[in-house]
Amino acid sequence: MEKYILAIDQGTTSTRAIIFDKEGKLRSSAMRELENLFPHEGWVEIDPLKIWIGTVDVVNEVLIRADLTMNDIDSIGVTNQRETAIVWDKKTGKPVYNAVVWQSRQSEKICDEFEKYKDLIHEKTGLLINPYFSASKIRFILDNIPNGQKRAEAGELLFGTVDTWLIYKMTLGQKHLTDVTNASRTMLFNIFTLEWDNELLKLFNIPKKMLPEVLPSSADYGLASYFSNSVHIYGVAGDQHASLFGHNCFDEGESKNTYGTGCFMLMNTGEKPILSKNGLLTTIAWKVDNKVCYALEGSVFIGGASVQWLRDGLKIIKTSADSEHEAKKVESSDGVYVVPAFVGLGTPYWDDDVRGAVFGMTRATTKSHLIRATLEGIAYQSRDVFEVMKKESGINIKSLQVDGGATANEILMQFQSDILQIEIKKPVCLETTALGVAYLAGLYSGYWHNLDEVHSTHRYQATFKPKMSKKEAERRVEGWKLAVEAARVFKPRKD
């Protein structure tokens, strides 16, 4: 009987379940949108129970759509929005506070208090002090629930990123586990020793007993008893790490960029971590067969979200797909630059105070110019990350693999190739995050025997090559740099 891999991809705005076959082909998928809550300016939260309910719904639906049962499933892989922090009661299994989402800035003041320890934290975790990561979010939750610290110290509370929460629920509370990739994003995990760091736990005053056990990305995470009495969870990885694996970036220097709400570029740096001096993050790419692979990562906070702004904020397009149609009406952005720093700038600036700006408009500027400039702003931000990666790794990157919703926009993909002056490769399966964790699960179960067998399933649907001259690309980039510099000079008053 033919078996399949079930991948659960729990993201910021949706939860998906996808079934893959042995050829790495997507057989069926199901999706539920997920409500984000915004209790205060800059705060982003999600009800953890809705994450779980959505997961149950999509798993059941995808099986029905594929005309399968859990008996047809070889194993399960789980991939997730990273850094999002959930704390729940060990006895009842109920959350004690909403999930504090990776995007949320509500622990900014806590991070400010730890700024003097930034070198220590960077040297142990490869991360920068920022509300983005989980440690300050845990601290915020414990500080904002009744007797939070006391309950945590008494062993009454458990913490997990979204993967841990889903594993806990699927195993009926039997397993409190995470993988090395998600652990490496908490700001509490030493990426050199591969252990929770006692010094950092003491610094943030977070009891170790709250934290899950850390396993390799391809390992036995327990029986998914909620769904089956025979199917195990065998693969777990944070979304961007799973995407890198799904792109088959198994060798040093191979890179990918995901164009989602934000943009996330990762480069495989091999078995030795490279600590960045220019705002890149050092992270664990995965751990498979007792071999740890590291990566450099750069984050663009606002990627596809800037197109959503055109649609929902300015209302100058009706659908995200309209952005390509409108941008094609003009040959260029005509000197207009959009710096979409709606929540600050990520790599390499890490400037939380800068806000979005538009430069270079004239009376001749149309909405098509503005739309095209917004798309170009996504590509320019990705280029900023790309250039720092090349510099710090010393590796000449010849191509970039891409995925995410915005890759459907050919104007954006061609401009990305032009401005980077390299080849952009788009795979047949754009669900690379889910595919990556499916590969991790299947490698552990023996569904796929090795990386070569995995690699044989990888195919491309499109390749974009530079059409713009190097000189013209450099001229455009100079304009972008001036726009970013000007945006960073202007700091709105915080009244």
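Laboratory data are not the source of any read-out in this text; all were calculated from the coordinates shown. Note that this is a predicted model, so its numbers are computed, not measured. Cβ atoms come from the backbone with ideal geometry, glycine included; neighbour counts cover every protein chain shown.
Compute the relative contact order of the range 248-495 as a whole-number percentage, counting only Cα pairs closer than 8 Å that sit 6 or more residues apart in sequence.
Details: 448 pairs, mean separation 48.8, N = 248.
Rounded, it is 20 percent for the range 248-495.
Sum up the lysine pairs in the range 58-178 that clear both bars: alpha-carbon distance under 12 Å and a spacing of 8 or more or different chains.
Taking the range 58-178 as the scope, the lysine pair count is 4.
Evaluate 2.2 N^0.38 Å with N set to the residue count of the range 156-302, then give the Cα radius of gyration divided by it. Working shown, then result.
Numbers: Rg = 15.7 Å, N = 147, 2.2 N^0.38 = 14.7 Å.
Here the Cα radius of gyration is 1.07 times the empirical estimate.
Rounded to the nearest 500, what is the 222 nm mean residue ellipticity of the chain from helices alone, with -39500 (n - 2.57) per DSSP H run of 4+ residues and division by all residues? Spell out each step's value before the answer.
Details: 16 runs with 164 residues, N = 495.
One gets -10000 deg cm²/dmol as the mean residue ellipticity at 222 nm.
Mind ordering 460-470, 443-453, 365-375, 133-143 by average Cβ neighbours within 10 Å, highest first? Display every interim value, and only then the final one.
Details: 460-470: 13.1, 443-453: 16.1, 365-375: 22.0, 133-143: 24.8.
Output ranking for 460-470, 443-453, 365-375, 133-143: 133-143, 365-375, 443-453, 460-470.
Summing Lys, Arg as +1 and Asp, Glu as -1, what charge do residues with Cβ under 14 Å from the Cβ of residue 257 carry, residue 257 excluded? Could the numbers behind the result be given before it?
On the way: positive: 256, 383, 390, 425, 426; negative: 239, 254, 297, 384, 387, 403, 423.
So the environment of residue 257 carries a net charge of -2.
How many percent of all Cα-Cα pairs in the range 248-495 sit more than 32 Å apart? Spell out each step's value before the answer.
Values: 6863 of 30628 pairs.
The proportion of pairs with Cα distances above 32 Å equals 22 percent.
Could you sort out which of 426/465; 202/391; 50/315; 398/467 sit more than 23 Å apart by Cα distance in this structure? Show your work: numbers first, answer last.
Values: 426/465 12 Å; 202/391 35 Å; 50/315 29 Å; 398/467 16 Å.
202/391; 50/315, as the Cα separations exceed 23 Å there.
Determine the relative contact order of the chain: mean sequence separation of Cα pairs under 8 Å and six or more apart, normalised by residue count, in whole percent. Working shown, then result.
Details: 1100 pairs, mean separation 71.0, N = 495.
Across the chain, relative contact order equals 14 percent.
Cβ under 15 Å from residue 322's Cβ, residue 322 left aside: what net charge do those residues give with Lys, Arg +1 and Asp, Glu -1?
Details: positive: 311, 315, 318, 328, 329, 367, 372; negative: 312, 324, 326, 410.
Taking every other residue near residue 322 into account, the sum is +3.
Looking at the chain, what % of its DSSP beta bridges pair antiparallel, to the nearest 5?
Values: 53 of 75 bridges.
Bridges in the chain are about 70 percent antiparallel.
In terms of Cα to Cα distance under 22 Å, which lysines are near enough to residue 3, apart from those fewer than 8 places away along the same chain?
Reachable lysines: 22, 25.
Order the peptides 57-66, 17-26, 276-285 from the highest to the lowest mean number of other Cβ atoms within 10 Å of their residues.
Numbers: 57-66: 18.0, 17-26: 20.1, 276-285: 22.0.
Order by mean packing, descending: 276-285, 17-26, 57-66.
Report, in whole Å, the centroid distance computed from the Cα atoms of the range 327-346 and the range 389-409.
Here the two parts' Cα centres lie 20 Å apart.
If you add up the charges near residue 171, with Lys and Arg at +1 and Asp and Glu at -1, over every other residue whose beta carbon is less than 15 angstrom from its beta carbon, what do you get?
On the way: positive: 90, 169, 175; negative: 163, 179, 213, 220.
Around residue 171, the charge tally is -1.
Hey, fewest Cβ within 10 Å first, where do 309, 286 land in order? Working shown, then result.
Working: 309 18, 286 28.
Listing 309, 286 from fewest to most nearby Cβ atoms yields 309, 286.
So what's the convex hull volume per residue for the Cα atoms of the range 5-164, in Å³? Spell out each step's value before the answer.
Working: hull volume 22.6 nm³, N = 160.
So the per-residue Cα hull volume is 141 Å³.
Could the peptides 293-304, 398-409, 191-202 be put in order, highest first, of the mean number of other beta-carbon atoms found within 10 Å of their residues?
Most protected by this proxy first, the peptides run 293-304, 398-409, 191-202.
Taking 7 Å along the Cα-to-C-beta vector as the label spot, tell me the residue 90-residue 319 distance in nanometres, rounded to one decimal.
For residue 90 paired with residue 319, the spin-label model returns 5.1 nm.
State the Cα centre-to-centre distance between the range 285-316 and the range 1-25 in whole Å.
Cα centroid of the range 285-316 versus Cα centroid of the range 1-25: 20 Å apart.
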